[in-house]
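Chemist: Before I ask anything, here is the structure I am working with.
Throughout, read-outs are computed from the coordinates displayed, never taken from laboratory work. Since the structure is predicted, the reported quantities are computational estimates derived from the model, not experimental observations. When we count neighbours, we look across all protein chains shown, and the Cβ atoms used for this are built from the backbone with ideal geometry, even at glycine.
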């Protein structure tokens with residue numbers, strides 16, 4: 001066995017290990033090709049074993065050509081990393097001068113040995129330069145890669161922070177969306193409940209008005225029925241008297257004759273029965289018309305007749321509910337008032353509500369006078385409950401006024417009087433929807449206006465103004 005050239009072997013193994021380390025780190029072989037990385041990582045051990053073995057037997061081929069073998073391995077690593085590593089270009093710029101120098105020197109050494117021997121020193125210096133270039137530029141590229149890696153790590157860290165913030169915001173948005181959805185559903189449920197409650201209250205208001213209206217109708221019908229009953233009884237008695245001079249077979253008793261005066265009374269009674277029967281029939285017919293479901297269709301209506309009818313119905317309705325209630329009522333209707341187009345059922349409800357409120361106010365003030373709850377003692381002697389309904393045609397407008405001398409109301413109450421569900425009546429006596437409905441019917445349904453003037457303990461006056469259509 002020959003003596004080993006440990007100097008050359010050490011240089012060869014050192015260069016091999018250094019270049020392989022630079023290449024594998026640049027190519028990130030450990031992450032991209034882990035199997036190949038394991039082989040390349042211990043390549044220097046194989047090279048060491050190969051060089052020591054061949055040197056022991058006096059074979060200098062591998063010691064003299066280790067760089068060529070290394071170059072082939074590097075080219076193989078670059079080929080396998082094609083398309084998998086982003087650092088191919090800087091690695092080529094680093095390693096290609098070195099590989100080019102090796103194969104160039106081999107070219108001249110084998111083909112022109114004399115030229116090579118003559119310039120061997122230059123060739124060695126060129127190879128040494130490429131090796132220094134390899135390590136120098138490799139270190140530079142490695143630093144750049146390190147900076148790039150730090151930058152990427154920083155970007156990745158910032159990306160993660162942004163991702164975490166995004167996920168946190170998305171989570172918060174999702175939670176808030178759920179909360180808003182729940183609130184929306186709760187509000188929708190509340191709206192449905194409020195609409196249901198409103199419908200029930202409006203129905204209660206209508207039923208309350210209907211109760212008062214029914215009581216008034218009953219009283220209005222009772223009067224002609226009383227006349228019918230009374231005159232019927234009187235006619236029966238008169239007929240009995242008329243039959244007294246007659247024989248059982250219908251003949252006349254001797255010396256008797258038919259009393260023409262009794263016949264005249266009977267005829268008069270029958271005429272009165274017919275008159276009051278027709279009166280009752282007209283009341284029923286009118287109320288049936290008003291009780292029908294409103295179609296929203298406007299019809300030419302005599303406002304004077306409508307106001308007078310509901311004034312009397314309201315009064316008698318309240319009287320039927322409370323026998324102690326008493327009030328005077330007056331009308332001041334303009335003659336020849338033109339008929340106007342209104343939804344009769346709806347506008348009748350407006351009049352009934354306002355007149356009911358007026359009678360309620362005068363009744364309340366009368367009650368205060370009776371129990372001594374008055375600010376002016378003169379009211380005890382001079383107060384006389386009165387409700388007045390008047391109509392007027394002015395400036396192509398029909399004006400309806402409903403005035404009372406009741407309790408009146410302060411400014412704070414007057415400002416809220418048309419708000420839904422606001423009422424000054426005790427619990428159970430009012431829904432707070434009557435005036436609100438009246439306001440909507442007048443303003444939205446008939447393009448009119450409704451206003452109120454009131455002085456506390458003096459009275460209240462509602463004024464409705466409707467446009468008169470040219471028909």
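Chemist: At 0.36 nm per residue, and after removing the present C-alpha to C-alpha distance, how many nm does the segment from residue 297 to residue 54 gain when stretched out fully?
Modeler: 75.6 nm
Chemist: Further question on the same structure: Say R0 is 25 Å: what FRET efficiency, to the nearest 0.05, do residue 339 and residue 223 get from their beta-carbon distance?
Modeler: FRET efficiency, residue 339 to residue 223: 0.35.
Chemist: Along Cα→Cβ, 7 Å out, is where each label goes; now give me the distance between the ones at residue 323 and residue 455 in nm to one decimal.
Modeler: 3.8
Chemist: Which of 274, 390, 314 comes first, and how do the rest follow, when ranked by fewest Cβ neighbours within 10 Å?
Modeler: 274, 390, 314
Chemist: In which sequence would 367, 260 go, from the one with the fewest C-beta neighbours within 10 Å to the one with the most?
Modeler: Fewest-to-most Cβ neighbours within 10 Å comes out as 260, 367.
Chemist: Next question, about the same structure. Give the calculated FRET efficiency between residue 414 and residue 275 to the nearest 0.05, with a Förster radius of 45 Å applied to their Cβ-Cβ distance.
Modeler: 0.45
Chemist: Another one. FRET efficiency for residue 143 and residue 111, Cβ-Cβ distance as r, R0 = 51 Å, nearest 0.05?
Modeler: 0.80
Chemist: Also: Grab the Cα-Cα distance for residue 230 and residue 440, subtract it from 0.36 nm times how many residues apart they are, and report the gain in nm with one decimal.
Modeler: Length gained between residue 230 and residue 440: 71.0 nm.
Chemist: Further question: Within 10 Å of each residue's Cβ, count the other Cβ atoms and sort 335, 309 from fewest upward.
Modeler: 335, 309
Chemist: For residue 21 and residue 463 in the same chain, what is the full-extension length gain: residue separation times 0.36 nm, less their Cα-Cα distance, in nm?
Modeler: Extra length available between residue 21 and residue 463 comes to 148.8 nm.
Chemist: Here is a further query. For the stretch 86-136, how big is Rg over Rh, using alpha carbon atoms and the Kirkwood form of Rh?
Modeler: Rg/Rh: 1.09.
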